[in-house]
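**Q** Quick one: this structure, given as structure tokens, is what I'll be asking you about.
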Amino acid sequence: MRVKQWLAGCLSAVTVLGCVPFAGAADSTVQARQEDLSYLVETLTENHPDFYANTTEQAVADKAAEIAAGLEEMSDLDFTVELSELTAMAGDSHTMLSVGSALQDFHMLVMAPEWYEGRWVLAGAEKAYQDYIGQEIVSINGHTMDELMAALEPMISYDNEVRLRRQFGGMVYVTEILAHYGMATGTEESLPVVVRDNDGTETTLNMKVYSMEEYAALDPSTYVNASQLRAAVPVTEPDGSVYYKLLDLGGGALYMQYNSCREDLEHPMDEFAAEVEAKLESGDYPKFIIDLRNNGGGSDGVLYPVTYLAQQFIVNGGAAYVLAGEGTFSSALINTVQLKDAGATFIGAPTGGSVDHFGAVTGFELPNSGIRGQYSNKFIDLGSYYEAAKPYGVESFRPDIEVEQTFADYIDGVDTAVQYILDHEPITSALTKTAVVSSAHIVVDGAPVDAPAYVIEGSNYFKLRDLAVAFTGTDAAFDVNWDGDARKVTLTGGAYTPVGGELEPLTGGTQTAIRATADVYVEDMPLVGKAYEIDGSHYFKLRDLCFMLGVSVEWDGGAQTIRIDTGKPYIQ
């Protein structure tokens, strides 16, 4: 990968959503800025589901007043950074403003900071500094990286420390931003960057400050990055040309790289999933790896067919792994939680996306400056839906086994996390759990239903046939069909046909619940979700079924009652 391409990717953190110059549509700069400021505050506070979740109305009003007081003296950059700070008060990684809109002619150091093993590493620089690639970055212009991140933090939209760090790394080399926060004057022709080798020896590199025009005119031979110094490139190297691909890593490991939560129209996910299924059913692969480390999101439903295959692979004794890390964000974070919930082992590093988070964005543009931004439309509480997410809140999802990429492995062409999986025995999921009779009540469309349930790991599980009775007479009514030879349950819309034994009370005490291996389909869609066998009967989590049926389900803790409303949609 060439350095300019690398830096272009980093700069996307600064220039997110495009660059649009100030249009000057109002009679004066001050008036235009005031209109934009008012528009921004109104847009965020009226459309964001809870803009004040992490701040206060008074704090936002004070910030807006502070910006308004300095409109006449501010540069375009200063104005945009101040608006970015106001937007970031939401404490929401998805709600942000484009700083790039005011960076039409910015200046920068030709350096690429990357995070390895708890430290900032110089991963790219002018070729004169090639010998220092891989060394720790101690400071820039006399300020430590921690000091710089603390200074730039107010303008960064984030909801966890991993996201803050990742965003910071994509803008710390822009000198106008450093100058805005007093970390530079903005007039320097060069800045000192101190690096430290493994022996503790520090070296000061006087790095030239380049204008965008000067940078664009540089010959590629004048700079270098770590990717050019590698002894080899692993087959699992991120491939930006595809959304998903499948590789045989040898040693019985099937590897899927998933780079964007999007459907490839030329290679639909259903077709791709069929290829995955054929491989898994061949019996040649005791390990199945799904890599989401470089997936920034999209639509979490795209992976659904593969998630189901991973689930069935796990319940039949296979070892499934999900790889995630700081680049795993938004819908890819949701997919990581879903796979972990299905029983996959999460290996890698804490995620850039938070488990519970605001999301589902809408873009906007300020009327005069044309600065673009986006805001979230809903809060996604994954802890209410997935057992794997219950211990978390608005924070990174943490791996079962933390294996970060080391810089030494990177240079040697080794994918540290994948190599860990290849070097160790398969990790299979515990398929047996303890079940106790639930005291919860169930109400469907206002009518109580005497449907017994078991509690397994804090969630209520019901027999499908009991639920079919509970839904009788509603718009979500369904029938249950069992194919014993194929070990397949199919739910079809319409009236339920009783077979006897429905709604029978459960005996007390604890029971042994074993993950069910049967396939479960709602019409022609597989049901992703845990199912257990207890005394020869199949039990399913109610939320999983309600999700597939598209009906609302809520838990009333005070009344210990599950309330289902088939007239309302299931909202996740």
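**Q** Being farther than 30 Å from residue 63 by Cβ, touching a residue at least 60 places away in the same chain (Cβ under 8 Å) and either assigned to a strand (DSSP E or B) or touching a Leu at 6+ places or on another chain (Cβ under 9 Å) (or both) narrows it down to one residue among 224, 233; which is it?
**A** Only one candidate qualifies: 224.
**Q** Filter the range 445-462 down to the residues that are part of a loop (DSSP other than H, G, I, E, B), small (Gly, Ala, Ser) and within 31 Å of the chain's Cα centre (by Cα) and list them by number.
**A** 458
**Q** A further question on this structure: Regarding residue 107, is this residue more than 24 Å from residue 229 (Cα to Cα) and either surrounded by 22 or more Cβ atoms within 10 Å (Cβ to Cβ) or in contact with a Phe, Trp or Tyr (Cβ under 8 Å, 6 or more places away or on another chain) (or both)?
**A** yes
**Q** Considering the range 269-287 alone, what residues qualify as being free of Cβ contacts under 8 Å to residues at least 24 places away in the same chain and either more than 14 Å from residue 318 (Cα to Cα) or open to solvent by 80 Å² or more (accessible area, probe 1.4 Å) (or both)?
**A** Once the filter is applied, which keeps residues that are free of Cβ contacts under 8 Å to residues at least 24 places away in the same chain and either more than 14 Å from residue 318 (Cα to Cα) or open to solvent by 80 Å² or more (accessible area, probe 1.4 Å) (or both), the range 269-287 yields 271, 274, 278, 281.
**Q** A further question follows. Filter the range 199-225 down to the residues that are within 25 Å of residue 100 (Cβ to Cβ) and of a type in the set (Gly, Ala, Ser), then identify the one that is surrounded by the most Cβ atoms within 10 Å (Cβ to Cβ).
**A** The residue in question is 211.
**Q** How about the range 42-78: which of its residues are among the hydroxyl-bearing types (Ser, Thr, Tyr) and farther than 25 Å from residue 376 by Cα? Lay out the reasoning, then the answer.
**A** Residues of the range 42-78 among the hydroxyl-bearing types (Ser, Thr, Tyr): 43, 45, 52, 55-56, 75.
75, the sole residue that qualifies.
**Q** Let me ask you something else. Give the range 241-262 a look and list any residue that's open to solvent by 70 Å² or more (accessible area, probe 1.4 Å) and at pLDDT 95 or above, or say none.
**A** 241, 243, 248, 262, listed by residue number.
**Q** Do we find that residue 519 is under 29 Å from the mean Cα position of the chain (by Cα), acidic (Asp, Glu) and under 14 Å from residue 453 (Cβ atoms) in this structure?
**A** On the way: under 29 Å from the mean Cα position of the chain (by Cα): yes; acidic (Asp, Glu): yes; under 14 Å from residue 453 (Cβ atoms): no.
Answer is no for this residue.
**Q** Read through the list (1) free of Cβ contacts under 8 Å to residues at least 24 places away in the same chain; (2) open to solvent by less than 40 Å² (accessible area, probe 1.4 Å), then give the number of the only condition that residue 266 fails.
**A** Status for residue 266: all satisfied but (2).
**Q** Restricting to the range 425-444, and then to whatever is in contact (Cβ under 8 Å) with a residue 24 or more places away in the chain, of a type in the set (S, T, N, Q) and in a loop (DSSP other than H, G, I, E, B), can you tell me which residue is least open to solvent (accessible area, probe 1.4 Å)?
**A** Checking each candidate, the answer is 429.
**Q** Anything in the range 30-45 that is β-branched (Val, Ile, Thr) and either without any contact (Cβ under 8 Å) to a residue 40 or more places away in the chain or more than 22 Å from residue 91 (Cβ to Cβ) (or both)? List them, or say none.
**A** Matches in the range 30-45: 30, 45.
**Q** Can I ask one more? Counting just the residues of the range 335-353 that are of a type in the set (A, V, I, L, M, F, W, C) and open to solvent by less than 10 Å² (accessible area, probe 1.4 Å), which one comes out nearest to residue 286 (Cα to Cα)?
**A** Restricting to residues being of a type in the set (A, V, I, L, M, F, W, C) and open to solvent by less than 10 Å² (accessible area, probe 1.4 Å), the top hit is 344.
**Q** Give me the helices (runs of 4 or more DSSP H) completely within the range 120-198, filtered to those with at least 2 residues that are touching a residue at least 24 places away in the same chain (Cβ under 8 Å) and open to solvent by 50 Å² or more (accessible area, probe 1.4 Å), ordered by residue number.
**A** Ranges flagged: 161-169.
**Q** Further, regarding this structure: Just wondering, is there one or more residues in the range 204-220 that are assigned to a loop (DSSP other than H, G, I, E, B), free of Cβ contacts under 8 Å to residues at least 24 places away in the same chain and not basic (Lys, Arg)?
**A** Yes, because at least one residue in the range 204-220 is assigned to a loop (DSSP other than H, G, I, E, B), free of Cβ contacts under 8 Å to residues at least 24 places away in the same chain and not basic (Lys, Arg).
**Q** With the requirement that a residue be more than 25 Å from residue 550 (Cβ to Cβ), open to solvent by less than 60 Å² (accessible area, probe 1.4 Å), touching a strand residue (DSSP E or B) at 6+ places or on another chain (Cβ under 8 Å) and not charged (D, E, K, R), what does the range 509-532 give you? Steps first, please.
**A** Looking only at the range 509-532, we keep the residues that are more than 25 Å from residue 550 (Cβ to Cβ), and these are 509-515, 517.
Checking the rest, the ones that are also open to solvent by less than 60 Å² (accessible area, probe 1.4 Å) come to 509, 511, 513, 515, 517.
Those left that are additionally touching a strand residue (DSSP E or B) at 6+ places or on another chain (Cβ under 8 Å): 509, 511, 513, 515.
Passing the criteria: 509, 511, 513.
**Q** Okay, moving on. Given the structure, is residue 290 open to solvent by less than 20 Å² (accessible area, probe 1.4 Å) and assigned to a helix (DSSP H, G or I)?
**A** So residue 290 does not fit the description; no.
**Q** Select from the range 555-567 the residues that are open to solvent by 40 Å² or more (accessible area, probe 1.4 Å), within 20 Å of residue 454 (Cβ to Cβ) and of a type outside the set (Gly, Ala, Ser) and list them in ascending order. Let's see the steps before the verdict.
**A** As a first pass, look at the range 555-567 and keep what is open to solvent by 40 Å² or more (accessible area, probe 1.4 Å): 555-556, 558-560, 563, 565, 567.
With within 20 Å of residue 454 (Cβ to Cβ) added as a condition, the list becomes 555-556, 559-560, 563.
Residues satisfying the conditions are 555, 556, 560, 563.
The values are calculated or read from the model by the stated rules, or taken from the named source; none is laboratory data. As the structure is a prediction and not an experimental result, all values here were calculated from the model. Virtual Cβ from ideal backbone geometry, glycine too; neighbours counted across all protein chains shown. Just so you know, the surface numbers come from the protein's heavy atoms only, side chains and all, with ligands and any DNA or RNA stripped out. Shrake-Rupley method; radii C 1.70, N 1.55, O 1.52, S 1.80 Å.
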